[in-house]
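Below is one structure, written out as structure tokens, with a few remarks after it.
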Amino acid sequence: MIISKTPFRISLIGGGTDFPKYYKYHKGLVVGGTINKFCYVSARFLPDVFNYKHRIVWSKNEVVTKNNQIIHPTVKAIFNYLKIIKGLEIHYQGDLQKNSGLGTSSAFCVGLINSIKNLYNIKINKKKLALISNYVEQHVMKEQSGSQDPIWASYGGFNSINFYKNNFKVNKINLSQNQLNNISKNMLLIYTGINKFSHNVEKDKISKLNNNIQYLNSIYDLAKDLKYEILNSKNYDFIGNILDEYWSIKKKLSKKVSNYKIDEIYNECKNLGSTGGKIIGSGGGGFLLIYCKKKYQNVLKKRMYKLPIIDFNFVNEGSRIIFKSK
């Protein structure tokens, strides 16, 4: 048996510039990091004694005799892409719910590929893991998605990711763990209660790409500014203001990015001491990231008590194997 542990991520600024249809003609840039919330994927060869071939356990318990009978779209796509013939048993567990904007789908995709490859004793490096996962999502599953999430899940860390026409480059932002903690301690994740489907939001953004070029160019510039300020500042309170500016631009990419409830939560947080934030991921629901200085957080949490609020820390690890039976 193999068990992989793969982090979720928080993309601070740059989402949208990681669309292939954008960065193949313009350069893309995202800044953010992986956090101490993970998904765990176990994989083992299934003995031939069962009257089914594969067993996949997630929110459902699937037993099938053929790959194409698998319901879970990611498992089905990966099994077909990797040409899985031998029977497998797969289990998924996650620290946070799916469709939350934290890259959970890509983390599962990366974790599953990592587990299966290691089950077959095939070594796979971070870049290849990211490329295969991205290919599965964008070309096999036909997802309307950016390219950043499989990279975060594979590499881990607090980074900037540059996208070029036919390549990408991960650049570690060299901050100490204490500096990273100083950033994350002033951030909160607030669950909006809206279960969203990023495919629909991203599809709408991509359909309007030609009209959004000016906004995506501004997002790219903001990502450069954020990276520069983080590397050259000792106080990180500017992050809230940049996030606030980014959020106002991000909402212009599609009317589906925000809604009345999200705007209401965001505005209430600003009244309670937050200086900025944004919806994590494509938008439309999931988690709202808020920058709020520690001294104001108790009041904010009391006023927003009806919504789940999560503290987190940035971590340096990407997808890794934490257990391998002999």
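Data table
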read-out: Evaluated at q = 0.19, 0.20, 0.30 Å⁻¹: base-10 log I(q)/I(0), Debye formula over Cα of the range 127-187; value: -0.76, -0.81, -1.28
read-out: Rg(Cα)/(2.2 N^0.38 Å) for the range 183-251, N = residue count; value: 1.34
read-out: Accessible heavy-atom area order of ASP95, ASP18, ASP237, highest first, probe of 1.4 Å; value: ASP95, ASP237, ASP18
read-out: Distance in nm between pseudo-label sites at HIS139 and GLU317 (7 Å out along the Cβ direction from Cα); value: 3.1
read-out: Per residue solvent-accessible surface (Å²) - the chain, probe of 1.4 Å; value: 46
read-out: Where a label projected 7 Å from the Cα of GLN177 along Cα→Cβ would reach, residues of the range 98-118 with amide N under 11 Å; value: none
read-out: Gaussian network model of the chain, springs between alpha carbon atoms under 10 Å - residue of VAL170, VAL63, VAL41 with greatest fluctuation; value: VAL63
read-out: Cα pair distances of the range 37-140 binned at 10 Å [whole percent]; value: 14, 50, 32, 4, 0
read-out: Added length on full extension, which subtracts the Cα-Cα distance from 0.36 nm per residue, LYS98 to THR65; value: 9.2 nm
read-out: Column: log10 I(q)/I(0), Debye, Cα scatterers of the chain, q = 0.10, 0.13 Å⁻¹; value: -0.56, -0.94
read-out: Listed residue pairs exceeding 18 Å between alpha carbons, taken from LYS53/LYS326; LYS185/LYS224; LYS21/LYS208; LYS172/LYS293; LYS24/LYS172; value: LYS53/LYS326; LYS185/LYS224; LYS172/LYS293; LYS24/LYS172
read-out: Accessible surface ranking that places the most exposed of TYR296, TYR215, TYR228 first, with a 1.4 angstrom probe; value: TYR228, TYR296, TYR215
read-out: Set of aspartates and glutamates with alpha-carbon distance to LYS302 below 20 Å, sequence-local pairs under 8 removed; value: ASP263, GLU264, GLU268, ASP311
read-out: Charge dipole magnitude, Cβ of K and R +1, D and E -1 - the chain, Cα centre, debye nearest 20; value: 500
read-out: In degrees, nearest ten, helix 260-271 long axis to first principal axis of the chain (Cα); value: 50
read-out: Estimated FRET transfer efficiency (LEU231, ASN259; beta-carbon r; R0 35 Å; 0.05); value: 0.50
read-out: Enclosed volume per residue, in Å³, of the convex hull spanned by Cα atoms of the range 63-107; value: 88
read-out: Solution diffusion estimate, µm²/s, Stokes-Einstein, the range 147-227, Kirkwood Rh from C-alpha pairs, 37 °C, viscosity 0.692 mPa s; value: 210
read-out: Angle between the chain longest axis and helix 198-207 axis [Cα atoms, degrees, rounded to 10]; value: 70
read-out: For the range 214-326, the Rg and Dmax computed from alpha carbons only, in angstrom; value: 16.5, 56
read-out: Sites LYS185 and GLU268 - FRET efficiency at Förster radius 25 Å, r taken between beta-carbons, to 0.05; value: 0.75
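The values are calculated or read from the model by the stated rules, or taken from the named source; none is laboratory data. The structure displayed is predicted, hence computed values, not measured ones. Neighbour counts are summed over all protein chains in view; Cβ atoms, including those assigned to glycine, are modelled from backbone coordinates with ideal geometry. To get the accessible areas, we keep the full protein, side chains included, count just its heavy atoms, and leave off ligands, DNA and RNA. Shrake-Rupley method; radii C 1.70, N 1.55, O 1.52, S 1.80 Å.
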